[in-house]
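The values are calculated or read from the model by the stated rules, or taken from the named source; none is laboratory data. Just so it is clear, the model here is predicted, and its values are computed rather than measured. Reconstructed Cβ throughout: ideal geometry from the backbone, glycine too, with neighbour counts over all protein chains shown. SASA here: full protein model, heavy atoms, side chains in, ligands and nucleic acids out. Shrake-Rupley method; radii C 1.70, N 1.55, O 1.52, S 1.80 Å.
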Amino acid sequence: MIVFKKSIYFLFFTVLFVSCNGLKKSKTTVAEKSTKLKDTSATTAHNNEYRASATRLNDIINTKLEVRFDWQKQYLYGKATIMVKPYFYSTSVLQLNAREMEIKEVALVDTLSVKKPLTYTYENDIITIQLNKEYKKNEVYTIFISYVSKPNELKKNKGSAAITDDKGLYFINADGKDQNKPQQIWTQGETQSNSVWFPTIDQPNERMTEEIFITTEKKYTTLSNGELAFSIDNGDSTRTDCWKMNLPHAPYLVMMAIGEFAVVKDTWHDKEVNYYVEKEYAPYAKAIFGNTPEMMELYSKKLGVEFPWNKYSQVVVRDYVSGAMENTSAALFGEFVQRNDRELLDKNYEYVVAHELFHEWFGDYVTCESWSNIPLNESFATYGEYLWKEYKYGLEAADYHSEKSREGYLSESMSKQVPLIRYYYDDKEDVFDAHSYNKGGQILHMLRKYVGDDAFFASLKLYLESNKFSSVEVHNLRLAFEQVTGEDLNWFFNQWFLSAGHPNLVISTAYDAARKKEKVQIKQIQNLSKIPVFKIPMAIDIYVNGKRQRHKITINNQDETVEFDAASAPDLVNVDAEKMLLCTKVEQKSVKEWAFQYNKAPLYLDRKEAINGLLKTPGDSLALSVIFSSLNDKMWGIRAYVLGELKKLPKGHEQEIKKQLSSMATRDSIANVRAAAINYLSANYTGKDLVSIYQEALNDRSYNVLSSALAAITNADSTKGLLIAKHYENEKNKDVLTGIAEIYSRYGNAQNNEFYVNSMDKITGYPKSNFIRYYGLYLKKITDETIINKGIETLKKVIEKDSANKWAVSSAKKVVQELEAKAPKKEEQK
Ligand SMILES: [Zn+2]
């Protein structure tokens, strides 16, 4: 799963660049808290309670579901036929998770398909069924359950305000009254929410094959796991699609999606690869998802294990409660991935496509046995993003992506440092954090660097093959690596997977000219009462007289000094030369050394580190010249970063910067760098020459550049800006509309209210919250009560209609509250 928490997708979730917009776009995080599910492993939750994996009493072999829907009531009518056998010990009882269903019938299906009623109790979301006799291991029996699932009637007494995140089955625009939203039904199983819509053993260590007969109106397309075995026209207005999943997988990976999708077809080898998008986005489906077959090829080859399922479909749905979900052979994405070709210039979410696809091996083929072991799913999916970037866009792009991920973990580590594999937690949703994702991805990268590529991928192949179609804990991974490398790796797994924290290093160097030795001292200053002393294998590059020599060393102690031969004082000592170590570090280097590192060390991360070093003494002429030259760095991430740091430079270089940025604003190959250059120019310079640059940028293909240009023109000349803004009022792009919303919030008048009201429904997802905040700023400036009341009414409609968009609702509530406080009881007086 991808969850958009600020910590996990630290910078991806925000607008990367300083803009002149008055609002910061990065403040809000997604509240991902979910309710506690009563489950068989832990019915009471305490922080100090060991979270065992669920004890396996019975094992589901196959689940057959027949489902149909009542859109008005938002009910699912289901019939489940479940084949079960005792896991090992004989039993006369079957317990199934079923959340707040109406149970109509529970029966045993005998060998002649005759149903015989069974007695059962239904308490705390568990159906306890008394079987007709004691069943022995391998003695298969079949249970039939008729039920009604009522996801919108789940009681809210389960400890979380965000129960809608946890209801398993979602009806979107169920009454069809919202003209701007398609009608859809979709499901979200992880962690234990699929038991809202079918009775099952809702645990990640359960596995079953399944078949789902979905009956729905003919106009809808359906998607589920496995293959579409057949469809039956029912002779009325409905059709029944039968989806069959012939390979076993965990219940949380079962899915359905129903809607009026365009299905864009692709293939990989002889397998279907389909993209289900809204019809309007059909022309862009291949721009969004089209690298999927190449990714399947890459991962299959790297892992030595072919993509394991019969097909791979990806579907985009409305109002999704998370980022994306790796349902087996049928991944589901939030609408944020739907972007047209122009929007893709500003931001594309291909890494999410890579992440979900890698889960098809790590998560679906081999599954964590409990939520404590979720890093076995998420660390790999996060590392899958790296592998794709490295292959497709090169090491620098991959390292940039990894750097942002590392920053996400380090930011989270300021408030929380826990073992990666967590046997103790309050709520199982807590484990979906920047530890399980970001830190886990970094750890896998360090493991790869330690054992080498051949051993790394051979170990993953062994791990996948020996654990396919079953569930794993972290030791399965260690054992695979130990078997391949022949080395005891407990030290690595203990410090990284089973302990908290990371090393905090203080690094110093000294040259002993008499002995011709370079000394490197590395101290670990983390809190050793909670965090271990790390064993750190790493490379140190020493540059003497222009030549680089690489030394492989291993740090074992809290304070360790290593010595290297050096004929003369080194130009640079580059500790952790592969820049792979997850740590914080303090390193004293001279400007000359940082400059040398920027110019000679091979990696993007070397240059980035050097720039940060040089920015500490921006008054130094050598530092300044390197910083200036880095505005032409081959890697856009450096150019963008330096642009954001220009304010730190000493006065006196304004004209030089202006000249450089004017060129970047029109010529940089990356749209976001062009936009950032415009934003910087607009915030710091005036002049007619610049206005003509902004004017030209209005023709840029990138909406981000267009919005920046519009804001810059308005900054320079508000009358002109307002006129141009009017011209773009009918744009569909959210960034452009939000840009106009900002302009009107600063310079607008009573007439602009119409724009806000008309645009409100065009904006979905997270960007809507910013749009609403600008609307709030606008309304606060307006004195006309009729308009203010119209504004309150519009926002109340958002609160009512857009309940799935938590960000928008929260912004709307805040604005309404502020407006009503400002003008109390206005409405009642009317
Ligand atoms: Zn994931």
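Keeping all protein chains in place and using 1.4 angstrom, which order do TRP594, TRP491, TRP361 fall into by accessible surface area, from largest down? Working shown, then result.
Numbers: TRP594 20, TRP491 50, TRP361 0 Å².
Per-residue accessible area, sorted high to low, gives TRP491, TRP594, TRP361.
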Sorted peptide list for 564-570, 603-609, 415-421, criterion being average Cβ within 10 angstrom, highest first: 603-609, 415-421, 564-570
Computing the accessible area with a 1.4 Å probe over protein heavy atoms, can you report the carbon and sulfur percentage for region 315-412? 47
When ligands, DNA and RNA are left out and all protein chains stay put, how many square angstrom of accessible area per residue does region 464-569 have with a 1.4 Å probe? 48
If I compute solvent accessible area with a 1.4 Å probe over the protein chains, what percent of it on region 660-747 is carbon and sulfur? 47
Probe 1.4 Å, all protein chains in place: accessible area of LEU395 in Å², nearest 10? 80
Students sometimes get this wrong: rank ILE61, ILE2 by accessible area, probe 1.4 Å, all chains present, largest first. ILE61, ILE2
Averaged per residue, the 1.4 Å probe accessible area of region 279-366, protein heavy atoms only, in Å², is roughly 25
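What share of the DSSP beta bridges in the chain is antiparallel, in percent to the nearest 5?
On the way: 106 of 130 bridges.
Roughly 80 percent of the beta bridges in the chain run antiparallel, per DSSP.
Which of the three applies to region 292-423, rounded, prolate or oblate, going by the alpha-carbon gyration tensor with a ≥ b ≥ c and a/c under 1.5 meaning rounded? List each step's numbers first, then the result.
Values: a/c = 1.30, a/b = 1.11, b/c = 1.17.
Here region 292-423 falls in the rounded category.
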What is the distance in Å between the Cα centres of region 277-303 and region 589-633? 38
Order LYS302, LYS389, most accessible first, counting only protein heavy atoms with a 1.4 angstrom probe. LYS302, LYS389
Compare the Cα positions of LEU572, ASN715, VAL506 along the charge dipole of the chain (+1 at Cβ of Lys, Arg; -1 at Cβ of Asp, Glu; about the Cα centre) and return the one farthest towards the positive end. ASN715
At a probe radius of 1.4 Å, what is the per-residue accessible area of PHE171, in Å² to the nearest 10? 20
Across region 202-356, qualifying lysine pairs (alpha carbons under 23 Å, at least 8 places apart or different chains) come out at 24
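Over 21 Å between Cα atoms: which of LYS5/LYS579; LYS64/LYS115; LYS796/LYS822 fall into that group? Mind dumping the intermediate values first?
Details: LYS5/LYS579 26 Å; LYS64/LYS115 15 Å; LYS796/LYS822 16 Å.
Beyond 21 Å between Cα atoms: LYS5/LYS579.
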Normalised by the number of residues in the chain, what is the relative contact order in percent for Cα pairs under 8 Å and 6+ residues apart? 9
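Is the C-alpha gyration tensor of the chain telling us rounded, prolate or oblate? Criteria: a/c under 1.5 is rounded; beyond that, a/b larger than b/c is prolate, otherwise oblate. Mind dumping the intermediate values first?
On the way: a/c = 2.07, a/b = 1.20, b/c = 1.73.
Oblate shape, in that a/c is at least 1.5 and b/c is the bigger or equal ratio.
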Given +1 on the Cβ of Lys and Arg, -1 on the Cβ of Asp and Glu, and no further charges, what dipole in debye does the chain carry about its Cα centre, rounded to the nearest 20? 1760
Rounded to the nearest 10 Å², the accessible area of THR719 at probe 1.4 Å: 100
Net charge contributed by nearby residues that have their C-beta within less than 15 Å of LYS762 (K/R +1, D/E -1): -3
Quick one: with all protein chains in place, what share of the accessible area of region 59-109 is carbon or sulfur, to the nearest percent (1.4 Å probe)? 46
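Roughly how big is region 475-550's charge dipole about its Cα centre, with Cβ charges of +1 (Lys, Arg) and -1 (Asp, Glu), in debye to the nearest 20? Write out the running numbers ahead of the final one.
Numbers: 11 positive and 6 negative charges, 87 e Å.
Value, rounded to 20: 420 debye.
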Extending each Cα 7 Å along its Cβ direction at GLN751 and GLU482, get the distance between those two points in nm, one decimal. 7.7
Dividing the helical contributions, -39500 (n - 2.57) per DSSP H run of n ≥ 4, by the residues of the chain yields a 222 nm value, nearest 500 deg cm²/dmol, of -11000 deg cm²/dmol
Output ordering of 401-413, 192-204, 315-327 (per-residue mean of other Cβ within 10 Å, highest first) is 192-204, 315-327, 401-413
Take LYS115, project a point 7 Å from its Cα along the Cβ direction, then tell me which residues of region 56-81 have their backbone nitrogen under 15 Å from it. 64-68, 77-81
Report the charge-dipole magnitude of region 63-213 in Debye, nearest 20, computed about the Cα centre from +1 at each Lys and Arg Cβ and -1 at each Asp and Glu Cβ. 200
Scan region 754-822 for GluC sites (Glu not before Pro) in coil per DSSP, keeping those whose Cβ has at most 15 other Cβ atoms within 10 Å, and list them by number. none
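For region 686-830, what is the accessible area per residue in Å² when the probe is 1.4 Å? Don't skip to the answer; put the middle values down first.
Details: 6990 Å² over 145 residues.
Spelled out: the 1.4 Å probe surface of region 686-830, per residue, equals 48 Å².
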